[in-house]
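Throughout, read-outs are computed from the coordinates displayed, never taken from laboratory work. Note that the structure is predicted; figures quoted are calculated from it, not measured. Cβ placement follows ideal geometry from the backbone for every residue including glycine, while neighbour counts extend to all protein chains displayed.
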């Protein structure tokens with residue numbers, strides 16, 4: 001297994017893995033996810049430098065992806081990173097693939113001068129395994145995120 005940073009020309013591969021993540025999270029929403037134009041969005045974000053992505057590759061196939069973006073807040077001491085998406089194909093979970101992705105994200109954050117790295121979390125009672133994964137890597141719980149969709 002090896003880690004590679006996604007180039008601008010790998011937007012379709014990023015989008016495909018993110019699609020798998022979204023369908024897994026919301027299986028009843030597959031039709032809407034198909035209409036989201038994920039490849040075009042990934043292409044735009046990667047080419048504009050608004051997002052970074054890393055793959056884990058095994059036998060010349062992408063088996064996992066992490067995407068990151070930069071945020072800024074006074075409470076965070078300035079600019080910081082946030083994990084947008086993290087997905088590992090089910091058959092590779094519990095094989096330390098997530099560790100490789102997080103290590104790459106932290107290294108990228110250091111390179112960009114970020115003071116911290118954050119990730120939105122599901123409610124602990126719905127996904128205790130996800131919370132435990134991040135806590136085992138040194139992340140501290142500080143609440144959930146809420147969203148408001150602006151028209």
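Average projected area of the Cα convex hull of the chain, in nm²? Mind dumping the intermediate values first?
Details: hull surface 39.5 nm².
Taking a quarter of the hull surface, the average projection is 9.9 nm².
I'd like the distance separating the alpha-carbon centroids of region 8-36 and region 50-109, in whole Å.
16 Å
Say each of residue 106 and residue 24 gets a label point 7 Å from the Cα, pointing the same way as Cα to Cβ; how far apart are those two points in nm?
Using points 7 Å along Cα→Cβ, the separation is 2.2 nm.
Which FRET efficiency value, to the nearest 0.05, do you get for residue 59 and residue 149 by plugging their Cβ-Cβ distance into 1/(1 + (r/R0)^6) with R0 = 41 Å? Write out the running numbers ahead of the final one.
On the way: r = 39 Å, r/R0 = 0.96.
Approximately 0.55, to the nearest 0.05.
Would you kindly state how much longer the chain becomes between residue 2 and residue 142 on full extension, computed as 0.36 nm times their sequence separation minus their alpha carbon distance, in nm to one decimal?
Stretched out fully, the residue 2 to residue 142 stretch lengthens by 47.2 nm.
Over the chain, what is the relative contact order in whole percent, taking alpha-carbon pairs under 8 Å and six or more residues apart? Don't skip to the end; give the middle numbers.
Values: 205 pairs, mean separation 28.6, N = 151.
Rounded, it is 19 percent for the chain.
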